[in-house]
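**Student:** First, the structure itself, so that you have it in front of you.
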Amino acid sequence: THPAFSVYQTSTQSNITGNATFATINLGSELYDHGGDVSGTTFTAPVTGAYLLTAEFALGGVVSGHSSGFAYFKTSNRDWKGGHTNPFAVVGASEVSVGGYIHVDMDAGDTAYMQVYVAGGTQVIDIAAGIGNRFGGHLIG
């Protein structure tokens, strides 16, 4: 079997960050989970190898004081700041998109989940429910 998964946000999380706090994203529904390796918000690697993890989240409630924001890939071995995208690419009037992709080394039993971080203002950032707010990955070698 070739482990692969994609999960998305099914309920809105309100006022989760904005004041330099890390907030875990509560992903509630699976598009697919080949291997049954996702439980709640967490992926557990079934075999040792290199994995490609991807994520994208639209953050609402952003105001002019918010100065930075990133998606963080949290794994058993280390934390990875989302990259390879402009972390604050504007997608709407008070909404920004954060995300990226990362190649990670995982041992069998290691876990991965997503957090977001926004700084420079008050804790007013929301993540709305929707299939566009997602976390996925697959074994690449």
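The values are calculated or read from the model by the stated rules, or taken from the named source; none is laboratory data. Values in this document were obtained by computation on a predicted structure and should not be read as measured data. Cβ atoms come from the backbone with ideal geometry, glycine included; neighbour counts cover every protein chain shown. With ligands, DNA and RNA removed, areas are computed over all heavy atoms of the protein, side chains included. Shrake-Rupley method; radii C 1.70, N 1.55, O 1.52, S 1.80 Å.
**Student:** Give the residue that is farthest from residue 99 (Cα to Cα), with candidates limited to residues of segment 18-46 that are in contact with a strand residue (DSSP E or B) (Cβ under 8 Å, 6 or more places away or on another chain) and open to solvent by 60 Å² or more (accessible area, probe 1.4 Å).
**Tutor:** Among them, the one singled out is 34.
**Student:** Just to be sure before I move on: is residue 56 open to solvent by 60 Å² or more (accessible area, probe 1.4 Å) and under 17 Å from residue 100 (Cα atoms) in the structure I sent?
**Tutor:** yes
**Student:** Right, next: Would you confirm, using the coordinates I've provided, whether residue 51 is under 17 Å from residue 97 (Cα atoms) and either at pLDDT 90 or above or open to solvent by less than 40 Å² (accessible area, probe 1.4 Å) (or both)?
**Tutor:** The answer is no for residue 51.
**Student:** Quick one: count up the residues across segment 97-132 that are among the charged types (D, E, K, R), assigned to a strand (DSSP E or B) and in contact (Cβ under 8 Å) with a residue 60 or more places away in the chain.
**Tutor:** Qualifying residue count for the region: 1.
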